[in-house]
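Reviewing the structure listed below.
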Amino acid sequence: MAASFSRTSRLLLSVIGCAAAAACGSFDSASHRIADSITPYKVEVVQGNFVSKEQVEALKPGMSRLQVREILGTPLVTSVFHADRWDFVFTLKRQGVEPQRRKLALFFKGDALERFEGDTMPSEAEFVAGLDNKRVNAQVPALEASEESLRQFSAARVVQPAAAAASAPAPAARSYPPLEGPSR
């Protein structure tokens, strides 16, 4: 009977140990879910130069460095050892979204652009649409004002000069002490 009790108690302890180990794993998972749900805000990290598809299409071999800089801006990476190479790197890390990383390398021969290579770049519209991930089926508002809305706006802003001058209070006369003390 003692041997049977010993086996039963060992079996019971083994079952309790397994249940405790399983509980630790689900407690860890639950604690991660709770921590993720109460984390108020994670900063979006944007680094580098965003280069759009339209900017890349504007590049042509033979352009000067100044012309390329006017289109793309200042390169993120320039090397003293590789003076004829400019690297444009862009990274975006956001909560709940896969990090984005894009690279573009430009190669010069003297002052002229020889070639460029890199990742496929999104258009400006695609990039902006990808930034707003909270709204579903969001439409970009029209960025044009109708003639009627412009007339209403200008009518509300027009103030008669004579009426404005009459209603404005006259500035109070102020005298200030001299900046220099009395001479001795």
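The values are calculated or read from the model by the stated rules, or taken from the named source; none is laboratory data. Keep in mind it's a predicted model, so treat the numbers as computed, not measured. Here Cβ is always computed from backbone atoms with ideal geometry, including for glycine, and neighbour counts include all displayed protein chains.
Would you please name the residue that is nearest to residue 109 (Cα to Cα), looking only at residues in the stretch 47-72 that are free of Cβ contacts under 8 Å to residues at least 24 places away in the same chain and among the acidic types (Asp, Glu)? Residue satisfying both the conditions and the ranking: 70. Put simply, of 163, 125 the only residue that is modelled with pLDDT of 75 or more and hydrophobic (A, V, I, L, M, F, W, C) is 125. Every test in (1) at pLDDT 85 or above; (2) surrounded by fewer than 13 Cβ atoms within 10 Å (Cβ to Cβ); (3) not in a helix (DSSP H, G or I); (4) not aliphatic (A, V, I, L, M) is passed by residue 70 save one, and that test is (3). Only residues that are under 23 Å from residue 60 (Cα atoms) and charged (D, E, K, R): list them for the stretch 89-125, please. Of everything in the stretch 89-125, those that are under 23 Å from residue 60 (Cα atoms) and charged (D, E, K, R) turn out to be 102, 103, 109, 111, 114, 115, 117, 119, 124. When the stretch 39-67 is filtered for residues that are part of a loop (DSSP other than H, G, I, E, B), loosely packed, with under 14 Cβ neighbours inside 10 Å and of a type in the set (Ser, Thr, Tyr), the ones remaining, listed by number, are 39, 41. Screening the stretch 73-99 for residues that are in contact (Cβ under 8 Å) with a residue 24 or more places away in the chain and assigned to a strand (DSSP E or B) and picking the one that is surrounded by the most Cβ atoms within 10 Å (Cβ to Cβ) gives 88.
Here residue 115 passes the criteria (1) assigned to a strand (DSSP E or B); (2) in contact (Cβ under 8 Å) with a residue 24 or more places away in the chain; (3) surrounded by 13 or more Cβ atoms within 10 Å (Cβ to Cβ) except the one numbered (3). Is it true that some residue in the stretch 5-16 is at pLDDT below 70 and either in contact with a Pro (Cβ under 8 Å, 6 or more places away or on another chain) or of a type outside the set (Asp, Glu) (or both)? Within the stretch 5-16, one or more residues are at pLDDT below 70 and either in contact with a Pro (Cβ under 8 Å, 6 or more places away or on another chain) or of a type outside the set (Asp, Glu) (or both).
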